[in-house]
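Computed from the coordinates by the stated procedures, all read-outs in this text should not be read as laboratory data. Because the structure is predicted, anything quoted here is derived from the model rather than measured. Here the Cβ positions follow ideal geometry from the backbone for every residue, glycine too, while neighbour counts run over all protein chains shown.
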Amino acid sequence: RAKAEFETRVCYYESEMDEHARQRRAMANDLWQALENNAFNLVYQVQKSVSTGEITGYEVLLRWDREGYGPVSPAEFIPVAEECGAINAIGAWVLRTACTEAASWPEPHKIAVNVSGMQLSQIELVDLVKIVLYQSGLAPDRLELEVTETAIINDKKRALNILTQIRALGVSIAIDDFGTGYSSLATLRSFPFDKIKLDRSFMSEVEHSEQSKAIVRAILALGRSLSVPVLAEGVETIEQLDVLRLEGCNEAQGFFLGRPAAMDWEPSAALQRA
Ligand code: C2E
Ligand code: MG
Ligand code: MG
Ligand code: MG
């Protein structure tokens, strides 16, 4: 009886896995299709100075309205895009579109573009950044690339080489979701970063938990001693922002400061500045 039960379970898992694989294949297909059909678009989330409230930049976030499904989270489709190889084409589209859009903004704000680990393992990324900057006319110091620690551990030497070349163009590099990878300190020591983005998981508890506050304080001290500014992600309340101000955090981003949204400049404001 036990054997029969075991076998049914195995079959159950296998068919569930088949179903999972089938869904991923279907999504992969739709991703390639979406590239052709222009089904992607970009939203921007503001980043601000904690002490002055000034805008310091905007993070570029990819959105996909999947035909027949509605909006799908990038947390869900980026891993599929990485698996099926579409990430390079999608990443190139994001970079080109973001730089072109930002180049026409009435205010020369910085943009921060997320780069996947797979893009970071390809030397072509350097040429892509060069070409996109040239074609869009965006000043290199208005572009920042966000990379995660997990993105660079695959092939550290190659990633370091690529990041160094991109930085030499005048583009800055931020380390994203800091504190969630497993090699944080070693990474900081050997990589040329211009900003640390503190993962938003620390924010959710910082008002109540002394432990979380202690960790945030330690990372801010680390940033100060390395002369690297720290941006806190996921700031949802004024209390969290107050803690960050008190602890001397440089920048913040989150729903409390602004939700990701399409960037449409008010024509009147643009005219006034023109
Ligand atoms: P991320 O780079 O850490 O981006 C921040 C995510 O946190 C965004 O989710 C944003 O909408 C969300 N967020 C911002 N403020 C708050 C807040 O106050 N509270 C909470 N709970 N969430 C907040 P989103 O847009 O769903 O993106 C998820 C992840 O997908 C991103 O995490 C990034 O890793 C990836 N991603 C997004 N766009 C791209 C892209 O163009 N290329 C690549 N490679 N990855 C992307
Ligand atoms: Mg990011
Ligand atoms: Mg992040
Ligand atoms: Mg995150």
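Below, the figures for the structure above:
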item: Net charge, ILE90 excluded, C-beta distance under 13 Å - Lys, Arg +1, Asp, Glu -1; result: -2
item: Label-point separation, ARG24 to VAL43 (7 Å along Cα→Cβ), nm; result: 2.7
item: Table column - 3J(HN,Hα) (Hz), region 247-256, Karplus curve with 6.51, -1.76, 1.60, x for Gly and Pro; result: 8, x, 6, 6, 9, 9, 8, x, 4, 5
item: Neighbourhood net charge (9 Å Cβ-Cβ; Lys/Arg +1, Asp/Glu -1) for LEU231; result: 0
item: Candidate lysines for bridging to LYS195, where Cα separation is under 28 Å - those fewer than 8 sequence places away on the same chain excluded; result: LYS48, LYS110, LYS130, LYS156, LYS157, LYS213
item: ILE238-TRP265 FRET efficiency (beta carbon distance; Förster radius 35 Å; 0.05 resolution); result: 0.85
item: Exposed GluC sites (Glu not before Pro) absent - longest run of the chain, DSSP non-H/G/I/E/B, at most 12 other C-beta within 10 Å; result: 68-274
item: Cα gyration tensor, region 118-274 - rounded (a/c under 1.5), prolate or oblate; result: oblate
item: Anisotropy class of region 138-192 from Cα gyration tensor, a/c 1.5 cut; result: prolate
item: Integer Hz, Karplus 6.51/-1.76/1.60 couplings in order for region 141-147, x for Gly and Pro; result: 6, 9, 10, 10, 9, 9, 10
item: Value in Å of the Kirkwood radius, where the chain supplies the Cα pairs that are averaged; result: 20.4
item: Shape of region 209-261, Cα gyration tensor, a/c cut at 1.5; result: oblate
